[in-house]
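Note sheet for the following structure.
The values are calculated or read from the model by the stated rules, or taken from the named source; none is laboratory data. From a predicted model like this one, the values you see are computed outputs, not experimental measurements. Here the Cβ is made from the backbone with ideal geometry for all residues, glycine too, and neighbour counts use every protein chain on show.
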Amino acid sequence: MVAGDPEKFGWILNHLPEVLHHENIKRDEAGVQGCLAKYPEGRGVLYERRVLRILIMTGLFPITQLTATATLGPVIKDIFNCYRWSHDQMHVLYRDINLKNLMYRKKDGKAYGVLLDLDMAIIITLEDRKPSSKQRIGTLPYMACDLLRPSPSKHVYRHDLESLFYIIFVLTTMYHNGQMTTATKHPLREWFHVSAKTLPSIKYGFLAKIPPPTTEHFLIMRLWMIHLQGLFDNGYHARSNFQRLAEKAKIACKDTPSFDHETLGGEVDFDKFHEILDTDIGLPAERVLLDE
């Protein structure tokens with residue numbers, strides 16, 4: 001697609017990894033994974049097999065190395081735009097967006113955000129929108145609340161946006177000069193230590209509270225944080241309200257109202273997330289040069 005219309009899509013090459021070599025390693029069906037796969041499949045439970053893949057790519061840098069809003073802000077926007085393009089144009093769901101997958105490349109002395117790691121990604125089809133297995137896919141601190149449930153719902157792009165939201169929070173409130181702070185009372189710290197069973201209620205509670213302060217170099221990004229937190233809080237509240245209305249309709253033998261679960265009733269979608277990242281927080285008009 002990019003090669004066919006470089007003028008329209010050429011920009012995306014700055015935000016995707018450049019793969020120099022790739023190779024899939026075939027697994028022995030008599031091996032451990034082959035045996036494990038037979039157990040759930042024989043009981044009518046879907047099992048999503050892993051693929052061992054070797055990739056050699058050009059060098060990239062961890063996003064945590066960006067220690068100022070002037071460089072981190074544009075890179076966050078890059079990664080959002082890259083994700084949206086991948087979803088809308090290539091029909092890709094990443095399904096495991098976490099801090100380690102957000103990188104940047106250096107080009108002409110400037111930072112360009114790169115969304116890495118398609119290990120858990122799928123091409124969206126009607127079948128792929130269904131929960132593919134009982135396996136919980138993702139990295140717990142960054143997983144959407146819905147996906148932490150014992151029987152998670154189908155994975156939709158809104159879940160990946162929620163993961164990106166949590167990453168932005170971690171970056172701007174827990175990192176300073178490239179290192180995670182040691183503050184023991186930070187409200188997000190327990191996310192890295194509690195179980196998947198406990199984490200959803202903690203995250204729902206977090207959405208309803210005033211967000212923690214940003215670290216020193218990301219002060220002006222707090223406006224993004226407040227708006228993004230409100231975005232998801234409003235969405236989950238909209239669903240709760242719908243569930244109450246649906247229950248009332250059921251009792252009264254009336255038709256159940258409709259609700260778009262993919263966007264939490266239209267509260268969380270690409271356009272609204274993009275609008276928040278387009279909020280003027282004083283970012284430079286052009287990319288700034290990185291400090292050497």
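Descriptive notes on the structure:
- Sole exception among (1) assigned to a helix (DSSP H, G or I); (2) surrounded by 18 or more Cβ atoms within 10 Å (Cβ to Cβ); (3) without any contact (Cβ under 8 Å) to a residue 40 or more places away in the chain for residue 249, by number: (2)
- Selected residue (criterion: nearest to residue 61 (Cα to Cα)) from residues of the stretch 86-105 that are assigned to a loop (DSSP other than H, G, I, E, B) and in contact (Cβ under 8 Å) with a residue 40 or more places away in the chain: 98
- Filtering the stretch 168-207 to residues that are in contact with a strand residue (DSSP E or B) (Cβ under 8 Å, 6 or more places away or on another chain) and either assigned to a helix (DSSP H, G or I) or free of Cβ contacts under 8 Å to residues at least 24 places away in the same chain (or both) leaves only 174.
- Which numbered condition residue 240 misses (of (1) in contact with a helix residue (DSSP H, G or I) (Cβ under 8 Å, 6 or more places away or on another chain); (2) part of a helix (DSSP H, G or I)): (1)
- In the condition set (1) exposed (fewer than 13 other Cβ atoms within 10 Å of the Cβ); (2) more than 26 Å from residue 84 (Cα to Cα); (3) among the aliphatic types (A, V, I, L, M), residue 285 is compliant with all but (2).
- Qualifying residue in the stretch 208-225 (condition: among the charged types (D, E, K, R), part of a helix (DSSP H, G or I), assigned by TED's automatic domain parsing to the domain that holds residue 72 and over 27 Å from residue 74 (Cβ atoms)): no
- If the condition is being over 17 Å from residue 138 (Cα atoms) and either in contact with a helix residue (DSSP H, G or I) (Cβ under 8 Å, 6 or more places away or on another chain) or among the hydrophobic types (A, V, I, L, M, F, W, C) (or both), then the stretch 186-211 contributes 186, 187, 188, 189, 190, 202, 204, 206, 207, 208, 210, 211.
- Residues located in the stretch 106-115, provided they are in contact (Cβ under 8 Å) with a residue 40 or more places away in the chain and surrounded by fewer than 20 Cβ atoms within 10 Å (Cβ to Cβ): 106, 107, 109, 110
- Checked against (1) under 22 Å from the mean Cα position of the chain (by Cα); (2) loosely packed, with under 15 Cβ neighbours inside 10 Å; (3) of a type in the set (A, V, I, L, M, F, W, C), residue 202 meets all criteria but (2).
- All positions within the stretch 254-280 that are under 10 Å from residue 238 (Cβ atoms) and aromatic (Phe, Trp, Tyr): 259
- Residue satisfying all of: in the stretch 70-96; touching a Gly at 6+ places or on another chain (Cβ under 8 Å) and at pLDDT 95 or above; surrounded by the most Cβ atoms within 10 Å (Cβ to Cβ) among these: 79
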